[in-house]
1. Show me, for segment 122-138, the HN-Hα J-couplings you get by feeding each phi into the Karplus relation (A = 6.51, B = -1.76, C = 1.60, θ = phi - 60°), rounded to Hz, glycine and proline as x.
2. Among residues other than GLY31 whose Cβ falls under 12 Å from its Cβ, what is the net charge (Lys/Arg +1, Asp/Glu -1)?
3. Given H placed 1.01 Å from N in the peptide plane, which residues other than close sequence neighbours of GLY242 have an amide H under 5 Å from its amide H?
4. Using 0.36 nm per residue of separation minus the Cα-Cα distance, give me the extension gain between THR190 and ASN248 in nm, one decimal.
5. Say the dipole of segment 2-327 comes from +1 at the beta carbon of Lys and Arg and -1 at that of Asp and Glu; which of GLY310, GLY271, VAL107 then lies farthest toward its positive end?
6. Mind checking the full-extension length gain between ASN290 and ASP77? Use 0.36 nm per residue of separation minus the Cα-Cα distance, one decimal, nm.
7. Rounded to two decimal places and with Rh computed the Kirkwood way over Cα pairs, what is Rg over Rh for segment 88-187?
8. Compute the length gained on full extension between SER179 and GLN236: take 0.36 nm times their separation in residues and subtract their Cα-Cα distance, giving the result in nm to one decimal.
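Read the figures in this text as sums done on the coordinates, not as results from a lab. All values reported here derive from a predicted model rather than from experimental measurement. A quick note on method: Cβ atoms are made from the backbone with ideal geometry, for glycine too, and the neighbour counts reach across all protein chains shown.
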Amino acid sequence: MRVNRILTVTALFAVATTVLAATNPFRAQPGFGDIGREWGSTSAVYTTPEGNVWVAERCGENTCVGHEDLDNIFLFDAEGNLLKSFGAGLIVWPHGIHVDNDGNVWVTDARGHENRGHQVHKFSADGELLMSLGKAGVAGDGTDEFDQPSDVLVAPNGSIFVVDGHGAAGNNRVMKFDSDGDFIKTWGSTGKEDGEFRDPHALAMDSTGRLFVGDRANNRVQIFTQDGEHLETWSQFGRPSGLFIDHNDILYAADSESNTTWGFNRGYLRGIYIGSAFDGFVMYHIPDPNQDPDNASTTAAEGVAVDRDGNIYGAEVGPQQIVKYSRRR
């Protein structure tokens, strides 16, 4: 009976997702932004209150090792015009990006090479390096170390949150620091119970200050207070690689891995899930253009962000591009 129930729920979800996709009000515009060379893989995109878009990409490939002369952090206007760039020689594998209330740009470096990587960097909007958390090139599990940090978020009060441990076998924890970068606390361990993680991959915060964690390898979003108290667990947003919450408390979750030959989260469709950050109701699903269940590659958006006009930006690792989604007229 339990198996039948699971199959029934999965079938119902598949039907519901098909309906959502059929009413998808967004049209895709691939190839957003010109950086004067070929794009590399990107999972890092974030927007500003002014309507601009920050992106970090991996130096024309899927790594910046060997490309230390190339900038990898870019600012565009909403039309994709390049406004500024920086970051050459500083980052091995840019993975997550966040813009705080002062306009500073935070980037996680989720791999290590020699004396670089396994860090979180804070830059001014002009590219000045203001702060680095973690030990350069050192992977560890201490309170002053990271091992492949995936994402970073700065709360309105200046508290810094980092999800640490790219991959299900990583540190699997959330770390909290004060505005000066001093360690406050950590929570989480490897597992599937509430408050445990397998590949915590993304962060977002709603207007009430609740912290949303994309617990990717557990196929769910977990919601916490800023002190680490578990509040809710949601599975209706797919296998979340990227999260973003807009000023209307709408949650956007990018699922780039479900329904593949890896066996990840079967029954769910890849794409961008859009719903309420308050009650978790999913309103829309922008489908991945490649829904082939035998395709084992990472496709479509892994990172996601939304601008002030409601345009959605998907950062794609496999296709190596940013796709802009605008409402159909």
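1. 10, 10, 5, 5, 9, x, 6, 6, 9, 6, 9, 9, x, 9, 4, x, 10
2. Once positives and negatives cancel, what remains is -2.
3. Those qualifying (amide H under 5 Å, at least 5 residues apart or on another chain) are ALA254.
4. 17.6 nm
5. Of the candidates, GLY271 comes out farthest on the positive side.
6. 73.8 nm
7. 0.93
8. Extending this stretch completely gives an extra 17.2 nm.
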